[in-house]
Structures are given as C-alpha cells and as structure tokens.
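For reference, the structure is listed below as structure tokens.
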Amino acid sequence: MIYEYNIRKKARKFIQKQERRQQERLLKAIYALPLIGDIKKMIGENNLYRLRVGDYRLLFEMLEKSNEITLIDVTNADNRGQIYK
C-alpha cells in the first residue's frame, strides 16, 4: 500500500508555531501514519481519525484514491483541549 500525505494550511500553521523539537515529533508521527501511533476513529464521522502525540492532537482523514494509494489528509492540529471545539 502506498500512502500520500497532505497537511492542510491550518494544521501546518500550528505545527510551524511549535518549537523545533516538537515540530519534528509531530511530523515524524504524521509520516508514520497509519501504521504506528495512538489512533482512534472519531465517533459519528466517516473516515475521520485522531492521532495523539503527547499533549497534541492531529485530526486526519484516510481516503482511498485507488486500490494501491491511500491519501492521508491532516485537517487540523492543536492542543488536546482545543482541537475538539
């Protein structure tokens, strides 16, 4: 299976505001998706999942583009208390 990654503007801006060490940690977690990480499906949403990275949360969608390619679209990133609002 081949994975393509897309990080939307809102998530990218949040990641860029973090310290360099945290940026690396978040990006490493994103590019390990969907094989590694604390991932849970969001209740009541189709194809929407959340990834926990310490006190940070990343929301992402997994969309099949074809039988061999899956798009992982990171839609949002924020602190754990703020992401679900």
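The values are calculated or read from the model by the stated rules, or taken from the named source; none is laboratory data. Everything numeric here is computed off the predicted structure, so don't read it as measured data. Backbone-built Cβ (ideal geometry, glycine too); neighbour counts: all protein chains shown. Accessible surface is based on the protein model in full, side chains and every heavy atom, while ligands, DNA and RNA are left aside. Shrake-Rupley method; radii C 1.70, N 1.55, O 1.52, S 1.80 Å.
Summary of values
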read-out: Count of the range 41-66 residues which are more than 17 Å from residue 79 (Cα to Cα) and not small (Gly, Ala, Ser); value: 11
read-out: Contacts under 7 angstrom Cβ, first residue in the range 15-44 being of a type in the set (Gly, Ala, Ser), partner open to solvent by less than 100 Å² (accessible area, probe 1.4 Å) and not in a loop (DSSP other than H, G, I, E, B), 6 or more apart; value: 29/51; 29/53; 37/29; 37/51
read-out: Test: residue in the range 22-32 that is closer than 13 Å to residue 74 by Cβ, assigned to a loop (DSSP other than H, G, I, E, B) and open to solvent by less than 40 Å² (accessible area, probe 1.4 Å); value: yes
read-out: Which listed residue, of 76, 67, is at pLDDT below 95, open to solvent by 70 Å² or more (accessible area, probe 1.4 Å) and either in contact with a helix residue (DSSP H, G or I) (Cβ under 9 Å, 6 or more places away or on another chain) or of a type outside the set (A, V, I, L, M) (or both); value: 67
